[in-house]
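Here the structure is laid out as C-alpha cells; the discussion comes afterwards.
The values are calculated or read from the model by the stated rules, or taken from the named source; none is laboratory data. Because the structure is a prediction, the values reported are computed rather than measured. All Cβ positions, even for glycine, are placed from backbone atoms using ideal geometry, and neighbour counts span all protein chains on display. Side chains are part of the model used for accessible areas, which takes the heavy atoms of the whole protein and leaves out ligands, DNA and RNA. Shrake-Rupley method; radii C 1.70, N 1.55, O 1.52, S 1.80 Å.
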Amino acid sequence: MTTTAPASAPASIETDVGASARSAGSAASAASAASADLDTRRGPGRPRTEELDGQILAATLAIIDADEAVTVSRVVERSGVSRAALYRRWPSMTLLIAAALDVGRTIPPTLGKPGDLRAGIVDFLMGASADLDETSYPDQRFRQRIRLVMSDRELQQAYWESHVSVRRRPIENALRAGIAEGSLRADLDVEACFDLIAGIFYYQLVVRGCRFDDPAARARCRAGLEVAWRGMEA
C-alpha cells in the first residue's frame, strides 16, 4: 500500500500555498467541510461505517490543506481510526486522496430537457462554476488538487475514473439528446465536445490564474461557450 502523496509540484503549475497561517485555517475548514458533507449523506439508522469514512476524509483533507504529505500514520493519528479500519475502506493512499479531494463537489443532477438546449447547458455550467465558492470548494483546495494530480499520474487517473468522469455524464447526455433531436450536428464526438467546454473553464483557472468568482473570467467563459456552441449546432 502506497503511504505517501507528493508534497511538491513544478512552479509552472502553481505557487506555494503552504504558508502556516493559511494552512491552519484551511485545515479547520477542511474538517468542517468533510463533516458537513457527511451530515448531508447520513440519515437515521445509517451504519457507523459512514461516520468513520467522514472522519478519515476530514483528516486527509486537513493534511492536504496543511500542505503535508498524506501518510497512513498521519491519517490514523488525525482521524482516530485504526489502521485496519483505514485499510478496509481504502486499499491505497491514492484512492483515499482522490476521495478526499472531491469532498465539497457533487454529481450534477440529470439535466431536464429545456426548450432551449444551448441556454440550459450554458446556464447550468455557469451556475455550477459559481457554486464552487470558498465555502464549498476553496480556491486553495482546487490548487492543491491540481498540484497533487499533476505530480502523480496514478492519482490523476484514479481521480478521473472515480470522480471526474462521473460528473461529465449529465452534460454529455444532454449533448447526445441534442444530437438525437437534430439541434446539434450528427457527427459530433460528445466526449471531445465536453473536453472543449471544460477546457474553457480550466484555462481561466489554471493558465490565467483567475478565481471562480472573477467576473471577467466568467464573462470569457460564457463567450467561449457561445463560440463552441455555434460550432456544434446543426
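Would a scan of segment 78-88 turn up a residue that is in a loop (DSSP other than H, G, I, E, B), β-branched (Val, Ile, Thr) and open to solvent by 60 Å² or more (accessible area, probe 1.4 Å)?
No, segment 78-88 contains no residue that is in a loop (DSSP other than H, G, I, E, B), β-branched (Val, Ile, Thr) and open to solvent by 60 Å² or more (accessible area, probe 1.4 Å).
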When the residues of segment 172-182 are narrowed to those that are surrounded by 15 or more Cβ atoms within 10 Å (Cβ to Cβ) and touching a residue at least 40 places away in the same chain (Cβ under 8 Å), which ends up farthest from the chain's Cα centre (by Cα)? 178
Residues in segment 146-166 that are loosely packed, with under 15 Cβ neighbours inside 10 Å and of a type outside the set (Asp, Glu): how many? 6
Of all residues in segment 109-118, which are at pLDDT 70 or above and open to solvent by 30 Å² or more (accessible area, probe 1.4 Å)? 109, 110, 111, 116, 118
Return the residues of segment 187-234 that are loosely packed, with under 15 Cβ neighbours inside 10 Å, part of a loop (DSSP other than H, G, I, E, B) and either among the small types (Gly, Ala, Ser) or over 17 Å from the mean Cα position of the chain (by Cα) (or both); say none if nothing qualifies. 187, 189, 208, 209, 234
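Quick one: which residue in 150, 232 is in contact with a strand residue (DSSP E or B) (Cβ under 6 Å, 6 or more places away or on another chain), farther than 18 Å from residue 111 by Cα and of a type outside the set (Phe, Trp, Tyr)?
232
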Taking the stated definitions as given, is residue 70 in contact with a Ser or Thr (Cβ under 7 Å, 6 or more places away or on another chain), under 20 Å from residue 152 (Cβ atoms), β-branched (Val, Ile, Thr) and at pLDDT below 95? yes
